[in-house]
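The values are calculated or read from the model by the stated rules, or taken from the named source; none is laboratory data. Everything numeric here is computed off the predicted structure, so don't read it as measured data. When we count neighbours, we look across all protein chains shown, and the Cβ atoms used for this are built from the backbone with ideal geometry, even at glycine. For accessibility, only protein heavy atoms count, side chains too; no ligands or nucleic acids. Shrake-Rupley method; radii C 1.70, N 1.55, O 1.52, S 1.80 Å.
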Amino acid sequence: VPFEIHRTVDEIRSRVVEWRNEGLSVSLVPTMGGLHAGHLALIKHAEMIADRVVVTLFVNPTQFNNREDLTTYPGNEVDDMKQLVTTGVAALYAPSPEVMYPKGFSTAVHVDASAGILCDRHRPGHFDGVTTVCAKLFNQIPAQTACFGEKDYQQLFVIRRMVEDLNLSILIEPVPTIREEDGLALSSRNARLSKEQREAAPILHQVMIDTVASIHDGLPISKALEQGASTIERTGCFELEYFELRRQRDLDLAHSLDEPCRLFVAASLGTVRLIDNVAV
Ligand code: AMP
């Protein structure tokens, strides 16, 4: 299948409608570029479940609550395309900000579930930006499925909630987190880590693994979390935002392992904000 690039809503929509009319299934992989093996895992998953895969590349300005993070966001389109041609992706949709947010744009999607917790507490407005842009992409591209990484678990959670609440006709497919050999979760922002920061970064995952082990060994949850958080803080490298055990189902704080839970962490190394989560 030849690799196509589309820049406008009409182009991508009519192409996908054509495929659907031919009886082909379509899966969507939304990204902000700076492609890495995590994105490639989503693409692989999409290729497994659909006849045609559409990757979107759009650095969505409305989900950045920090200007510097937006202006320094890693990635360039040519490098991303070089990676995409090695996959079976059928089309890249890379709209401009003007296509996505023409003059006069004034609508937003707000999901209340998980408001005020985890990343929402530290990045006000971020998830409104995410849900709004995803709602737009789902409407522009009539795919049956869209793949999202568990790495951004709260994002996956709010998008699923939105799809259910607004009866969007798309199925959300979660894909497990891809990590470096030392445990660091792949992220486009990792490119901004200095050598020293890159060496410190895997501590986060290590502490998560140790904390999960302590909990399974019977250490009280509150003690295990305290221990983990203080280990991260004692390194002196990180600005810790949260280190919390929450129920997978509704992201409420978990005080027991009666149902599936996940351990969530967010911490900054200098100006680079890292997030991660693991199942417990
Ligand atoms: P981004 O380009 O960072 O907005 O991410 C686009 C998609 O890739 C999102 O669904 C992310 O959850 C997913 N993703 C990012 N990093 C990883 C990773 N290390 N493993 C799996 N999926 C990821």
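Percent of alpha carbon pairs in the range 52-163 separated by more than 17 Å? Roughly 61 percent, rounded to a whole number.
Pair-distance distribution P(r) for the range 191-259, from all Cα-Cα distances in 5 Å bins starting at 0: 3, 16, 24, 22, 16, 10, 7, 2, 0 percent. Averaged per residue, the range 142-280 has 48 square angstrom of accessible surface, using a 1.4 angstrom probe with ligands and nucleic acids left out. At a probe radius of 1.4 angstrom, the accessible area of the range 1-119 per residue rounds to 49 square angstrom. The Stokes-Einstein estimate for the chain, based on a Kirkwood radius over Cα pairs and taken at 10 °C with 1.306 mPa s viscosity, is a diffusion coefficient of 80 µm²/s.
The relative contact order of the chain comes to 17 percent, based on Cα pairs under 8 Å that sit 6 or more residues apart. The loop-placed trypsin sites (Lys or Arg not before Pro) in the range 44-123, going by DSSP, that have at most 10 neighbouring Cβ atoms within 10 Å of their Cβ come out as 103. Among 45, 255, 205, which one shows the highest mean-square fluctuation when the chain is modelled as a Gaussian network with alpha-carbon springs under 10 Å? Looking only at 45, 255, 205, the biggest GNM fluctuation is shown by 255.
Placing a pseudo-label 7 Å from each Cα along the Cα-to-Cβ vector at residue 13 and residue 37 gives an inter-label distance of 3.9 nm.
Taking the C-alpha atoms only, the angle from helix 37-49 to the longest principal axis of the chain is near 50 degrees. Accessible surface of the range 27-171, 1.4 Å probe: 52 percent of it comes from carbon and sulfur atoms. Ordered by 1.4 Å accessible area with all protein chains kept, 51, 69, 10 run largest first as 10, 51, 69.
For the range 137-280, the Cα gyration tensor yields ellipsoid semi-axes of 28, 21, 12 Å (square root of five times each eigenvalue, largest first, whole Å). Helix 9-21 and the long axis of the chain differ in direction by around 80°, with both axes built from C-alpha atoms. Selection among 240, 74, 185 by position relative to the dipole of the chain gives 74 as farthest towards the positive end (Cβ unit charges, Cα centre).
Within the chain, which is the longest segment containing none of the GluC sites (Glu not before Pro) that sit in a DSSP loop and have at most 16 other Cβ atoms within 10 Å? Longest gap between qualifying sites, sites excluded: 23-179. Using only side-chain charges placed at the Cβ, +1 for Lys and Arg and -1 for Asp and Glu, the dipole size of the range 136-201 relative to its Cα centre rounds to 260 debye. Could you give the angle, 0 to 90 degrees to the nearest 10, between helix 221-234's Cα long axis and the longest principal axis of the Cα atoms of the chain? Computed tilt is about 80 degrees.
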